[in-house]
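Taking it in order: structure first as structure tokens, then the write-up.
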Amino acid sequence: MSIAVYFSSNNRKKKWERFTSEFQLTSDTTILDVGFSDNEFSPVDNYLEKHYPFQNKITALGVVVPDKFLRRYPDVKVVTYKGGAFPFEDNSFDIVWSNAVVEHVGDAVAQEMFIKEIMRVGRSAYFTTPNRHFPVETHTRTPFLHWLPKNIFDKYLVAVGKKYFTGSYMHLLSEGDLKRLLEKSGVVNYKLIKNRLFGFVLDFVVLIKP
């Protein structure tokens, strides 16, 4: 196991323990998982599906074709869409779960819509996002340079052969960015949890309950 996977595994376990302690989960609790992965690159991918004991109560929403996902998790209902508005009625789910997805949906306007959709279709929500001010950018393993303006950081990523991570793929959020985004999305009552690594805030958990 690599060092990165080791720390990621510990962090996901901590967040899962927080999730299960905050919500009264039963065999009837319905969960929407926004942003599933068809290809699993590490043991922590699709963490909800791996650990929630009632897979038939999970609906996974994503923009990718779920070939491998369906074989791994045959009891999970899968819905694909092209982004934007979620294809569900208001209050369709007890909980909306989304792990490290909001930074990938586009710019601030798209992120605002994403959070509004989470709130529209779920009675409660639990979503996470990495902290832009953590010293190492967790997707590209780049130290410090992600603190530069996005257009400059993107140029660096292109230069080192990591163009995939540029453009709309990644819009990282600081604590201030996240709070402003929640306010603009109309979210007033929420709990913001800061997960730390070596004293630095690694990522944020936003917990919203009725």
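Only one of these is over 25 Å from Lys14 (Cβ atoms) and free of Cβ contacts under 8 Å to residues at least 60 places away in the same chain: Tyr190, Tyr156. Name it.
Within the list Tyr190, Tyr156, the selection yields Tyr156.
If we only count helices (runs of 4 or more DSSP H) wholly inside the stretch 1-106, which ones have 2 or more residues that are within 26 Å of Asn195 (Cβ to Cβ), at pLDDT below 95 and among the aliphatic types (A, V, I, L, M)?
Answer list for the stretch 1-106: 3-22.
Within the stretch 61-83, track down each residue that is touching a helix residue (DSSP H, G or I) at 6+ places or on another chain (Cβ under 7 Å) and either surrounded by 12 or more Cβ atoms within 10 Å (Cβ to Cβ) or over 16 Å from Thr30 (Cα atoms) (or both). Explain how you work it out, then say what you get.
Taking the stretch 61-83 as the starting set, the residues that turn out to be touching a helix residue (DSSP H, G or I) at 6+ places or on another chain (Cβ under 7 Å) are 73, 75-76, 78.
Answer for the stretch 61-83, where residues must be touching a helix residue (DSSP H, G or I) at 6+ places or on another chain (Cβ under 7 Å) and either surrounded by 12 or more Cβ atoms within 10 Å (Cβ to Cβ) or over 16 Å from Thr30 (Cα atoms) (or both): Tyr73, Val76, Val78.
So, in the stretch 1-25, how many residues would count as being touching a residue at least 12 places away in the same chain (Cβ under 8 Å) and not aliphatic (A, V, I, L, M)?
Counting residues in the stretch 1-25 that are touching a residue at least 12 places away in the same chain (Cβ under 8 Å) and not aliphatic (A, V, I, L, M) gives 12.
Taking Thr138 and the conditions (1) under 23 Å from Ala110 (Cα atoms); (2) modelled with pLDDT under 95; (3) in the same structural domain as Ser8 (by TED's automatic domain parsing), which numbered condition does it fall short on, given that it satisfies the others?
Among (1) under 23 Å from Ala110 (Cα atoms); (2) modelled with pLDDT under 95; (3) in the same structural domain as Ser8 (by TED's automatic domain parsing), Thr138 violates only (3).
Here is a check on your reading of the model: is Lys116 basic (Lys, Arg), at pLDDT 95 or above and closer than 30 Å to Lys150 by Cα?
Values: basic (Lys, Arg): yes; at pLDDT 95 or above: yes; closer than 30 Å to Lys150 by Cα: yes.
Yes.
The values are calculated or read from the model by the stated rules, or taken from the named source; none is laboratory data. This is a predicted model, so every value here is computed, not measured. So basically every Cβ, Gly included, is an ideal-geometry build from the backbone, and we count neighbours across all protein chains shown.
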